[in-house]
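The values are calculated or read from the model by the stated rules, or taken from the named source; none is laboratory data. Please read all numbers here as calculations on a predicted model, not as lab measurements. Because the Cβ atoms are built from the backbone with ideal geometry, glycine has one as well, and the counts that use them run over all protein chains shown. Remember, those area values only see protein heavy atoms, side chains included, never the ligands or the DNA or RNA. Shrake-Rupley method; radii C 1.70, N 1.55, O 1.52, S 1.80 Å.
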Amino acid sequence: MIALDLKGAGVVVTGAGSGIGAALARRFATAGARVVVNDLDTTLAQHVADEIGGLAVPGDAAAEDSIATLIETARHHLGEIDLFCANAGIEPGGGIDTPTDVWDRTWQVNVMAHVHAARHLIGPWLERGRGHFLATVSAAGLLTHVGSAPYSVSKHGALAFAEWLAATHADRGITVQVLCPMGVRTRMYEQTHTAAKTVLGDNILEPDHVADHVMGSLGDERFLILPHPEVRALYAIRATDTERWLQAMNRVHQTLLDSDHPE
Ligand SMILES: NC(=O)c1ccc[n+]([C@@H]2O[C@H](COP(=O)([O-])OP(=O)(O)OC[C@H]3O[C@@H](n4cnc5c(N)ncnc54)[C@H](O)[C@@H]3O)[C@@H](O)[C@H]2O)c1
């Protein structure tokens, strides 16, 4: 893994108009990076870019033509992209009855956005022998998110893609890391359903805390960036005692059902 010096580095953050992405953009700019700020929401992207002296390139991170434009514009502006943060994500909630178009959109934003970005990044990165891909996944990608099937499934997909990227290109200067927090106090968290909030509990981090944690983790050789340290132990239990893990998750689900329908 090649250590990343952020001073003067060219950085792109998708979904950087609010929440974790905005906090990352601000933190990287403070460390001396030149930051390109993407968001679906043009006003939010411009606001953050103005605040940090970055360049706003609004657009849909899930659409390949829009990602191609983002990466081309960023390369033109930055020279080369040293760090790409695939951070944009959505959490629609819901189980198997979630409409198919919502499953599709969640898959596009939470997974295919990363695939499209990598398609346009990896070739030039391999040629120069250097490139850093940071995917904002979620603890839901390592564990599960009770009450939210499309989110759980798509975040597992994002994790699997990042693992594949690392396994395929680590020997050629490509660094891949995944950010997997539990609850973070953002618009997504505020809009999430009550059951999900109950599952996430009290340990809700501020986006700035998560950004600080990322700063301390870039280039530290660890694939998993875990601002909530308890996630590592839970992930180990899931891997080594899967049945006990699933029973515990089912009990959480039952508790949520009971709290939704008190006697
Ligand atoms: N908040 C949490 O508790 C939490 C926990 C774990 C992981 N995450 C992940 O963190 C990432 C950021 O979420 P957040 O909590 O900061 O939410 P947020 O809603 O505050 O920010 C997400 C931003 O992404 C933008 N966005 C959505 N779809 C987009 C698209 N297709 N193209 C470009 N921009 C798009 C939104 O406009 C928004 O500004 C997501 O991938 C989310 O799954 C969040």
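Do you know which residues across region 9-30 are in a loop (DSSP other than H, G, I, E, B) and over 20 Å from Val176 (Cα atoms)? Working first, answer last.
Filtering region 9-30 down to residues in a loop (DSSP other than H, G, I, E, B) leaves 9, 14-18.
If the condition is that a residue be in a loop (DSSP other than H, G, I, E, B) and over 20 Å from Val176 (Cα atoms), then Gly17, Ser18 are the ones that fit.
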- Query: Ile225 fails exactly one of the following numbered conditions: (1) surrounded by 15 or more Cβ atoms within 10 Å (Cβ to Cβ); (2) over 15 Å from the mean Cα position of the chain (by Cα); (3) β-branched (Val, Ile, Thr). What is the number of that condition?
  - Reply: (2)
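Residues checked against (1) touching a Phe, Trp or Tyr at 6+ places or on another chain (Cβ under 7 Å); (2) open to solvent by 60 Å² or more (accessible area, probe 1.4 Å); (3) away from the ligand (no atom under 13 Å from the Cβ):
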{"residue": "Val12", "(1), (2), (3)": "yes, no, no"}
{"residue": "Ala33", "(1), (2), (3)": "no, no, yes"}
{"residue": "Leu40", "(1), (2), (3)": "no, yes, no"}
{"residue": "Arg75", "(1), (2), (3)": "no, no, yes"}
{"residue": "Pro99", "(1), (2), (3)": "no, yes, yes"}
{"residue": "Trp103", "(1), (2), (3)": "no, yes, yes"}
- Enumeration of residues in region 53-67 that are loosely packed, with under 15 Cβ neighbours inside 10 Å and either touching a residue at least 40 places away in the same chain (Cβ under 8 Å) or more than 13 Å from the ligand (Cβ to nearest atom) (or both): Gly53
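Mind checking which helices (runs of 4 or more DSSP H) fall wholly inside region 154-235 and carry at least 2 residues that are within 25 Å of Asp5 (Cα to Cα) and near the ligand (Cβ under 9 Å from one of its atoms)? Spell out the reasoning first.
Working: elements: 187-191, 194-200, 207-217.
Hits in region 154-235: 207-217.
Listed here are the residues, each with its yes/no results for (1) of a type outside the set (A, V, I, L, M, F, W, C); (2) at pLDDT below 95; (3) closer than 20 Å to Leu40 by Cβ.
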{"position": "Glu72", "(1), (2), (3)": "yes, no, yes"}
{"position": "Arg75", "(1), (2), (3)": "yes, no, no"}
{"position": "Cys85", "(1), (2), (3)": "no, no, yes"}
{"position": "Trp103", "(1), (2), (3)": "no, no, yes"}
{"position": "Ala140", "(1), (2), (3)": "no, no, no"}
{"position": "His156", "(1), (2), (3)": "yes, no, no"}
{"position": "Ala162", "(1), (2), (3)": "no, no, no"}
{"position": "Thr168", "(1), (2), (3)": "yes, no, no"}
